[in-house]
Amino acid sequence: MALMDKIFGEFVDVIEWTDSSPDTLVWRFERYGNEIKHGAKLTVREGQMAVFVNEGEVADIFQPGMYELLTANLPILSTLQNWHHGFQSPFKAEVYFFNMRRYTDLKWGTKNPVIVRDPEFGMVRLRAFGTYEIRITDPAVLLREIVGTDEHFTTSEISNQLRNLIVTRFTAVLGSSGIPVLDLAGNNDHLSRFVTGRIAPEFANYGLELTKLLVENISLPKEVEEAMDRRTSMGVVGDLSRYSQFQAAEAMRTAAANPGEGGAAAGMGLGMGMAMAQQMANAMNPQAQPSAAAQPSGQPSAQTAAAPPPLPQARRYHVARDGQASGPFDLATLKAMAGRGELARDTLVWTEGMASWEQAAARPDLSPVFGSAPPPIPGGGAA
């Protein structure tokens, strides 16, 4: 087989690379004994570059095009070799083809969480991942620093090192950015551009260019995300008392729709819902709960004995004083204030349900506060 390779190599005088694998960065042209004939045709296609290596030293770099390997076309090689035969016999050299296209969708991500200090949540652990793109910018540097004599160099052979560079720099940037966790999603583009600028010089040392880095997601630990989901759910529910009443009403509707099936369970659910609503109402209105000291010895408490529901509370108003809101005050307190001259008919008041502050005289439920005395006569003077 070795003899056939040598014989076939003597007749082959076209040097080219048409491999279509998606991850090949560098490929070395195979020739028996590395013997290249004088006058051989070198074809470099668009998106490629070829490096001519003789005895371990870079002799020439070829851009896209077709070249005839003659003495006149290889001035660097002829100077290095100083051959007197004019390349009339085959000479030993190596040709490396470099794929100059962009390599996209390369993955990066943090293996361990990054601990940062958040202004709202305190100390949190974050994970991040995304993609990046690279391309070759200096084939000679890449050949010298990374590839060496590798005959088939792929992205997998350098992706781990590049990923480590990205994660290290991104961790430093994220830890010192001071961006709140809840605002990180809105700053992904800013972080991507900043990290790309920080890493570019280190990629250049390998003859590569980091053309784009994308931050797809920055996530919190699962337990923290679940706690945030519960907090969000509470915000969506809003008034817990009304929500409990709604749940009780839903249980009643379900029981009415299924009178013959699960009646006991539906009744139990209804009772639990109403009890929960009552407890929450009592918690929100502590004045309606009788104290333990007020219960006579040996008498059943209001919690166990049947009792009517609590009376509705009267409105309580806030009063504007010297540009500041005071209160709220009940009607008895407001009447006393009116008697002392601290509350007039044109005093601004506000209570829950009002869209804005109004004069006290405009509120019908405040008429008992001022009694039956007529208002001052417009323009009237002192008696």
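Each value in this text was obtained by applying a stated rule to the coordinates, not by laboratory testing. No experiment lies behind these values; they were computed from the predicted model shown. Reconstructed Cβ throughout: ideal geometry from the backbone, glycine too, with neighbour counts over all protein chains shown.
With a cut-off of 13 Å between beta carbons, the residues surrounding A360 carry a summed charge of +1, where Lys and Arg count +1 and Asp and Glu -1. Among F170, F329, a tally of other beta-carbon atoms within 10 Å of each Cβ gives an order, fewest to most, of F329, F170. Summing Lys and Arg as +1 and Asp and Glu as -1 over all other residues whose Cβ lies under 15 Å from the Cβ of S20 gives a net charge of -2.
As a rough footprinting exposure proxy, the listed residues S233, S219, S356 were ranked by other beta carbons within 10 Å of their own, and the order from fewest upward is S356, S233, S219. The simple spin-label model puts a point 7 Å past each Cα toward its Cβ; for A361 and E157 those points are separated by 9.5 nm. Would you please give the FRET efficiency between T131 and R231, computed as 1/(1 + (r/R0)^6) with r the Cβ-Cβ distance and R0 = 22 Å, to the nearest 0.05? Between T131 and R231 the formula returns 0.10.
With a Förster radius of 35 Å, plug the Cβ-Cβ distance of A140 and V173 into 1/(1 + (r/R0)^6) and report the FRET value to the nearest 0.05. That pair, A140 with V173, gives E of 0.65.
I'd like the FRET efficiency for D183 and D346, computed as 1/(1 + (r/R0)^6) with the beta carbon distance as r and R0 of 56 Å, rounded to 0.05. The computed FRET efficiency comes out at 0.75. Of all lysines in the structure, those lying under 24 Å Cα to Cα from K92, and not within fewer than 8 positions of it along the same chain, are K6, K37, K41. Among F194, F98, sorting on how many other beta-carbon atoms sit within 10 Å of each Cβ, with the fewest leading, yields F194, F98.
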